[in-house]
Amino acid sequence: MAQSTLQNLKNGQVFEPDFVASLALFLIIIGVFMSQWNTIMKSKTQLNQVKEIRENAERTTTLLASTPGYPNDWDKNNVKVVIPGFTNKNGYVISSKLAEFHKLTYKNQTDLLQAQNFYLKITHGGEPLTINGKKTIYCKKSSDPETLIPIERDILINQSGTIKTGKLIYRVYTK
Amino acid sequence: MGTNKRKGQVSIEFLLLLGLAMFALSIVLGFIATKQRKAIIYSNTKKADKIADDIAFQAEMALVMGKGYTRKFVLPARIGGKPYNVTVTQQHVVVQWKNQNLIQPTLYQGRELYFETQNQYRFKIINNGSVYITKP
């Protein structure tokens, strides 16, 4: 009887190779699922970060290229700029505000633009506009940028009463 | 008698297998539920983030454009199925929903702005010397 019991136990399948194989297969499938899930979530997070930086950059360029900033006369002496904007009330970019922005420290510029690594340039005819002998290029570039987000806006520049067409080029670098 | 023992062995094996299967399934379901919860929290946070960015921009534009500026805008009615409220203070936008909140920086400086989406998702921002957010 004991021998027949032992034989019957040997017919049991709990610890047979096919059970172990099915368990291993199950764990592999779960592992693949987990890996896929993590990869998808990671790529979605990265895409959202880039999208968010682009939206912020577009808002910044709208404020710079289309509004006078706040206070509107922040290019005057002893007026602290709260929101940067390079235009006058007629929508022309004016050189006094570009010159005033040049005077700000780098930290002030990054705080106002809410971007750590950026490149901002005003061009006319493809060349950087020059005001008081200085080129209108403001930048702090990362030495090893990971992602570049370029935004360009067409603008009208009022320089000493002369109206010129130009571009506002704004680039944000991540990392 | 030997046949009865084989039947008894089969039922034990079946119960053991069923128990193992339920155990494995409970681990998998627990894992999936955790991941799903994180995904929902992330989705709600991204939604609140976008709302805060929109409000920050609306407030900044109203400030720079000056007196007489009005603009209507639309926001998502709910976050995570619940209404939410937004407060714009000096240089911060705070979005609160359920028992969570999100804070975003803004360049807006001025009167504190507050609104809820309880029965409303269309709003109007006005600058009549000070910036206000009202129903359209």
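Since every read-out is calculated from the coordinates, none of them should be taken as a lab result. This structure is a prediction, so every number in the text was calculated from the model and none was measured. Don't worry about glycine lacking a Cβ; one is built from the backbone with ideal geometry, like all the others, and counts go over all protein chains shown.
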TODO: Just need a number here: residues in the range A:59-116 that are within 21 Å of A:Pro128 (Cα to Cα) and out of contact with any Gly (no Cβ under 9 Å at 6 or more places or on another chain).
DONE: 21
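This table checks each residue for (1) facing chain B (nearest Cβ under 9 Å); (2) without any contact (Cβ under 8 Å) to a residue 24 or more places away in the chain.
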site	(1), (2)
A:Arg59	yes, yes
A:Leu64	no, no
A:Gly69	yes, no
A:Val79	no, yes
A:Val82	yes, yes
A:Phe86	no, no
A:Gly91	no, no
A:Lys97	no, no
A:His102	no, no
Open item on the list: So in the range B:21-42, with the set limited to residues that are at the interface with chain A (Cβ under 8 Å from one of its Cβ atoms) and over 13 Å from A:Trp37 (Cα atoms), which one is farthest from the chain's Cα centre (by Cα)?
Closed with: B:Ala24
Open item on the list: Please go through the range B:96-114 and give me each residue that is touching a Lys or Arg at 6+ places or on another chain (Cβ under 9 Å) and either more than 15 Å from B:Tyr42 (Cα to Cα) or exposed (fewer than 15 other Cβ atoms within 10 Å of the Cβ) (or both), ordered by number.
Closed with: B:Lys98
Open item on the list: Looking at the range B:63-94 only, could you name the residues that are facing chain A (nearest Cβ under 10 Å) and either in contact with a Pro (Cβ under 8 Å, 6 or more places away or on another chain) or part of a helix (DSSP H, G or I) (or both)?
Closed with: B:Leu63, B:Val64, B:Met65, B:Gln91
TODO: Please specify each residue of the range B:104-124 satisfying the condition of being assigned to a strand (DSSP E or B), in contact (Cβ under 8 Å) with a residue 40 or more places away in the chain and under 18 Å from the mean Cα position of the chain (by Cα).
DONE: B:Gln104
